[in-house]
Amino acid sequence: MSAPHAAPARVAVLGGTGFIGRVLVGRLVEQGHEVLSLARTEPAVPVPGRFARVDLSSTAPAELAALLDRERIDAVVNAAGGMWGLNDEQMYEANVVLVDRLVEAVGAMASPARLIHLGTVHEYGMAPIGVSQHEDDSPAPVMEYGKLKLAASESVVRAVAAGRVDAVVLRLGNVVGAGQPGHSLLGVMAGKLDAARLDGSTAQLSLAPLTAQRDFVDLTDTVDAVLAAIATRTTVAVINIGTGSASAARLLVELLIEESGVPTEITEVPAPEGSGPETEWQQLDVTLAAEQLGWAPRRTLREAVADLWRAQLGSSAG
């Protein structure tokens, strides 16, 4: 299923210069929407549509509401947030304070926009092997990032329950695709493979068993889900977006090596004590996504990894 094509709208994308946000902005512009990207730093490579430099974690809600009103925004997508390279205070500002301010700002608009907040599977924590995580499950995040993202999502859910905003949280699986962040597992592996390709050498990869089972989801499919959420009114506040199946992280690395065609030697390193599939399982139940958004994943993990590798080649060539 593809995303419903909404009538042209005015959409603000917070974090429109990031991994998911940049692709979303491009798709929105392609569909004829007027798009305003908001981010702290102007990108070196311009994004489609218009850009406004705004520090979202420090901008007062009234100021942000006034900006959204001036722009006559119909929908706001929060693809912002942060984890890597931030200290605890910065992570809190980027993931919790930002969303609290955003919810207040959207609720204060003269004509409140629809809000789509991008959450994460890490809000759930882990589950027993074979168990799918449902939106009604009690979250028990393990990582600090998951705890902060959960606090942000709960802020949105409370505002929906109180009738202050029209919003939905899309709880995303582990997104894979073009422009993969360089600090992620696949981003690091792609960088090492590309360096070996350029040197004409054999890539040397040191890998733990990578027995973790995760719900990996293609970037294009993820953006389709966001587009569907913009176009569709939902009757629930949280919707999972994933494939509905768990895959080993090692499989993704092997697919990347195959797609690259780069000769590779893998050195196995011991897994951290206490790790293993029984403590590292996540699989999303995506029934509600089909029921509420008419959305289902269409693309394979191999296609997602192929997109990632093509983008890596493009970045090193450019």
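Residues in region 112-137 that are over 17 Å from R158 (Cα atoms) and not in a loop (DSSP other than H, G, I, E, B) were compared, and the one that is farthest from the chain's Cα centre (by Cα) is Q133. Across region 155-170, a minimum of one residue is classified as closer than 21 Å to G81 by Cβ, at pLDDT 95 or above and within 13 Å of the chain's Cα centre (by Cα). Criterion applied to T232, T211 was being open to solvent by 40 Å² or more (accessible area, probe 1.4 Å) and of a type in the set (S, T, Y), and the one residue passing it is T211. Of everything in region 78-99, what is open to solvent by 10 Å² or more (accessible area, probe 1.4 Å), farther than 18 Å from V142 by Cα and either at pLDDT 95 or above or in contact with a His (Cβ under 7 Å, 6 or more places away or on another chain) (or both)? Give them in sequence order. Matches in region 78-99: A79 only. Looking across region 211-222, the residues that are out of contact with any Leu (no Cβ under 8 Å at 6 or more places or on another chain) and either closer than 15 Å to M189 by Cα or not basic (K, R) (or both) come down to T211, A212, Q213, L219, T220, D221. When S111, S138 are checked against the criterion of being among the hydroxyl-bearing types (S, T, Y) and without any contact (Cβ under 8 Å) to a residue 40 or more places away in the chain, S138 stands alone in meeting it. For region 101-135, filtering for residues that are in contact with a strand residue (DSSP E or B) (Cβ under 9 Å, 6 or more places away or on another chain) and either open to solvent by 40 Å² or more (accessible area, probe 1.4 Å) or β-branched (V, I, T) (or both) leaves 13. From the list V175, V157, the lone residue that is of a type outside the set (G, A, S), open to solvent by 40 Å² or more (accessible area, probe 1.4 Å), touching a residue at least 24 places away in the same chain (Cβ under 8 Å) and under 22 Å from D285 (Cα atoms) is V157.
In region 56-77, the residues that are open to solvent by 60 Å² or more (accessible area, probe 1.4 Å) form Cβ pairs under 6 Å with partners that are not β-branched (V, I, T), at six or more places apart or across chains, as follows: R72/R10; D74/A9; D74/R10; D74/A113. Return the total of residues in region 188-208 being small (G, A, S), at pLDDT below 95 and open to solvent by less than 40 Å² (accessible area, probe 1.4 Å). Adding up the residues that qualify gives 1. Listed by first and then second residue, the pairs linking a residue in region 35-52 that is more than 20 Å from A75 (Cα to Cα) and modelled with pLDDT under 95 to a residue that is in a loop (DSSP other than H, G, I, E, B) and polar (S, T, N, Q), with Cβ atoms under 9 Å apart and 6 or more places separating them unless they lie on different chains, are T41/T17; E42/T17; P43/T17; V45/T17.
The values are calculated or read from the model by the stated rules, or taken from the named source; none is laboratory data. The structure presented is a predicted model; accordingly, all values stated were derived computationally and were not measured. Every residue, glycine among them, receives a Cβ derived from its backbone with ideal geometry; neighbour counts consider all protein chains shown. Surface areas here come from the heavy atoms of the whole protein model, side chains and all, with no ligands, DNA or RNA. Shrake-Rupley method; radii C 1.70, N 1.55, O 1.52, S 1.80 Å.
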